[in-house]
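**Q** Pasting in a structure now, in structure tokens, and then I'll have a few things to ask.
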Amino acid sequence: MAFPKGFLWGGATAANQLEGAYDQDGKGLSIMDVLSRGSNRDPRMITGVNEDGECFEFPMGATRHLKENESLACVDIRDYPNHQGIDFYHRYPEDLALLAQMGIRCLRISIAWSRIFPTGEEKMPNEEGLRYYERLIDEMRKYHIEPMITLSHYETPVALCEKYNGWANRKMVELFIRYARVCFERFLPKVKYWLTFNEINVLEYYPYMEAGGLGYDECDLAFAAYHQFLASAMTVSLAHEMRKDAMIGCMITYPCLYPYSCHPQDMLVYTKGNRSTYFYTDVMCRGRYPSYKKKEYERKGINLPVQEGDLEKLKTGTVDYIGFSYYTSNVVASSNELETTSGNMSQSVKNPYLQRSEWGWQIDPVGLRITLSNLYERYGLPLFIVENGLGAKDVLEKDGTIHDEYRIEYIRRHVEEIEKAIEDDGVEVLGYLVWGIIDLVSASTGEFIKRYGMIHVECDEQGNGSLIRRPKDSFYWYRDWIAKH
Ligand code: BG6
């Protein structure tokens, strides 16, 4: 059997997408709390009010600064799906009991930074927030489910976005390390697996979501990446000081890239395209900036704000493993006249050989095997697939069943490719986590009908419904798969 003993089969979630209780027990606003519901066609809007109480809004992908008299806030004309999530905050005991029945061995959660430090700058952490995560982790341990924690999964406190404009400002490093230290002091003895920044390479596409930044230009992006690399390295070193066998990983989204053709110009675009992913892992796995990035900054006149000791920190704080999300492969071409389709936080030229999900994401299990090889051969570090899954519209039958054979097919084909990567290519894989193992709010569109779960949550697009949980067919399939492997 290819899967090694101790392989961590499980599921993944993020606080802002399922907890709800967005303003309870001392929690401050996070950037996701002021993001409205969107759809595949309408973008999610960032909302707020000005000093005169007038509302404003703009799409989350827009390049716009906050004006001096403006602050981020929830407004009446919009609704905010993350406020309720699936009310996991109150219902997690029931959810964990169901997940335990499925036999999962690992659950990835994130800590909402603003539950611990509501504005990011309080002198003391919010004890109620810490106690919630403590109860949650203890409950996981009760079922022998290994927790994995993401420290920052698109959850910057709103106050830090307003005051510092997010990670382009070095102050964020200090505040993040303070937050990480509090989390480690409390949870490190109980939690071995950690991730620093979720999909750090999304920074270039959605700086608001990834780095709490608005109106970023190229220089801001370079600074924000630099500060996050520094924070990541310092976090890794800190964790190792506090617990020798701690496993701290980076996390990227990896859209396996293909050139449209074997034309040298397409190959060149492909080579350069790959760099926008590898740049992040190059720094966090090798501890230094790659030459192609140094040249690019030189050309653009960008000087990184390096301070004494920084480079040493980057060098010593390299990650223990690479966590990545994989949903789709993307095609790039030198021509911009080809038909495109959407991918995870990205766009791709249509691949004629692949089918697409209802949201246009190209389905490519073999791409996962290629991804595993690419990353392992480049860095030689253990890999962890911390997100993979299919967003689809499910039908709740009258008898309460949900027949999601398309999801079973998607997952089965992907895990079979992992098996080949381990068995035939010799890749070291620590585990596999199904994204949104329980239905939750979509990050990119804010929809609820884009479901990933193996556990169904009864809730319509407006957030109405009993929130009753029901196993889907994929629940039983995964349970059997885990038992067998
Ligand atoms: C990843 C994120 O981008 O993909 C998750 O880490 C997200 O937060 C997942 O939910 C699926 O994307 P979406 O946009 O369909 O929710």
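The values are calculated or read from the model by the stated rules, or taken from the named source; none is laboratory data. Keep in mind that what you see is a predicted model, and the values were worked out from it rather than measured. Note that each Cβ is placed from the backbone with ideal geometry, even for glycine, and that neighbours are counted across all protein chains shown. With ligands, DNA and RNA removed, areas are computed over all heavy atoms of the protein, side chains included. Shrake-Rupley method; radii C 1.70, N 1.55, O 1.52, S 1.80 Å.
**Q** Mind counting the residues in segment 250-274 that are in contact (Cβ under 8 Å) with a residue 24 or more places away in the chain, of a type in the set (Ser, Thr, Tyr), away from the ligand (no atom under 16 Å from the Cβ) and not in a loop (DSSP other than H, G, I, E, B)?
**A** Of the residues in that region, 2 qualify.
**Q** Filter segment 255-284 down to the residues that are at pLDDT 95 or above and in contact with a Gly (Cβ under 9 Å, 6 or more places away or on another chain) and list them by number.
**A** Result: Cys256, Leu257, Tyr258, Pro259, Met284.
**Q** What pairs come out if I take residues in segment 463-485 that are free of Cβ contacts under 8 Å to residues at least 12 places away in the same chain and pair them with residues that are surrounded by fewer than 16 Cβ atoms within 10 Å (Cβ to Cβ) whose C-beta lies under 8 Å away, six or more apart or interchain?
**A** Within 8 Å, the pairs are Gly465/Glu458; Ser466/Glu458; Ile468/Glu458.
**Q** Which is within 16 Å of the ligand (Cβ to nearest atom), closer than 23 Å to Arg108 by Cα and open to solvent by 20 Å² or more (accessible area, probe 1.4 Å), of Ile438, Ile449?
**A** On inspection, the qualifying residue turns out to be Ile449.
**Q** If the Cβ limit is 6 Å and pairs must be 6+ apart or interchain, which residue in segment 193-219 that is open to solvent by less than 30 Å² (accessible area, probe 1.4 Å) pairs with which residue that is within 11 Å of the ligand (Cβ to nearest atom) and aromatic (Phe, Trp, Tyr)?
**A** These pairs meet every condition: Met209/Tyr154.
**Q** For segment 75-128, what are the residues that are in contact (Cβ under 8 Å) with a residue 40 or more places away in the chain, more than 24 Å from Leu188 (Cβ to Cβ) and part of a loop (DSSP other than H, G, I, E, B)?
**A** Residues satisfying the conditions are Arg78, Asp79, Tyr80, Gln84, Gly85, Ile86, Asp87, Gly103, Thr119.
**Q** Continuing with this model, one more query. Report, ordered by the first and then the second residue, all pairs with beta carbons closer than 7 Å, sequence separation of six or more or different chains, a first member in segment 371-398 that is among the polar types (S, T, N, Q), and a second member that is open to solvent by 20 Å² or more (accessible area, probe 1.4 Å).
**A** Pairs that qualify, where the first residue is among the polar types (S, T, N, Q) and the partner is open to solvent by 20 Å² or more (accessible area, probe 1.4 Å), are Ser373/Asp425.
**Q** Now a separate question. Quick check on my filter: what residues within segment 234-249 are more than 18 Å from Glu312 (Cα to Cα) and either in a strand (DSSP E or B) or open to solvent by 40 Å² or more (accessible area, probe 1.4 Å) (or both)?
**A** Narrowing segment 234-249 to residues more than 18 Å from Glu312 (Cα to Cα): 242-249.
Within segment 234-249, Met242, Arg243, Lys244, Asp245, Met247, Ile248, Gly249 meet the criteria.
**Q** For segment 426-477, which positions are outside any loop (DSSP other than H, G, I, E, B), over 14 Å from Ala12 (Cα atoms) and not polar (S, T, N, Q)?
**A** Listed by number, the residues that qualify are Val429, Leu430, His456, Val457, Arg469, Arg470, Pro471, Asp473, Phe475, Tyr476, Trp477.
**Q** Scan segment 6-28 and give yes if some residue there is open to solvent by 50 Å² or more (accessible area, probe 1.4 Å) and either hydroxyl-bearing (Ser, Thr, Tyr) or within 17 Å of the chain's Cα centre (by Cα) (or both), otherwise no.
**A** yes
**Q** Among the residues of segment 416-427, are any open to solvent by 10 Å² or more (accessible area, probe 1.4 Å), under 23 Å from Ser357 (Cα atoms), at pLDDT 95 or above and within 15 Å of the ligand (Cβ to nearest atom)?
**A** no
**Q** Out of the residues in segment 29-47 that are away from the ligand (no atom under 13 Å from the Cβ) and open to solvent by 10 Å² or more (accessible area, probe 1.4 Å), which is farthest from Val158 (Cα to Cα)?
**A** Arg41
**Q** A further question follows. Among the residues of segment 193-230, what is the count of those that are more than 16 Å from the ligand (Cβ to nearest atom) and at positive phi?
**A** Total meeting the criteria: 1.
**Q** Still on this structure, I have one more. Does segment 111-170 hold any residues that are open to solvent by less than 30 Å² (accessible area, probe 1.4 Å), in contact with a Lys or Arg (Cβ under 7 Å, 6 or more places away or on another chain) and charged (D, E, K, R), and which are they?
**A** Arg115 - this is the single residue of segment 111-170 that is open to solvent by less than 30 Å² (accessible area, probe 1.4 Å), in contact with a Lys or Arg (Cβ under 7 Å, 6 or more places away or on another chain) and charged (D, E, K, R).
**Q** Could we say that Arg78 is at pLDDT 95 or above, open to solvent by 50 Å² or more (accessible area, probe 1.4 Å) and not aromatic (Phe, Trp, Tyr) here?
**A** no
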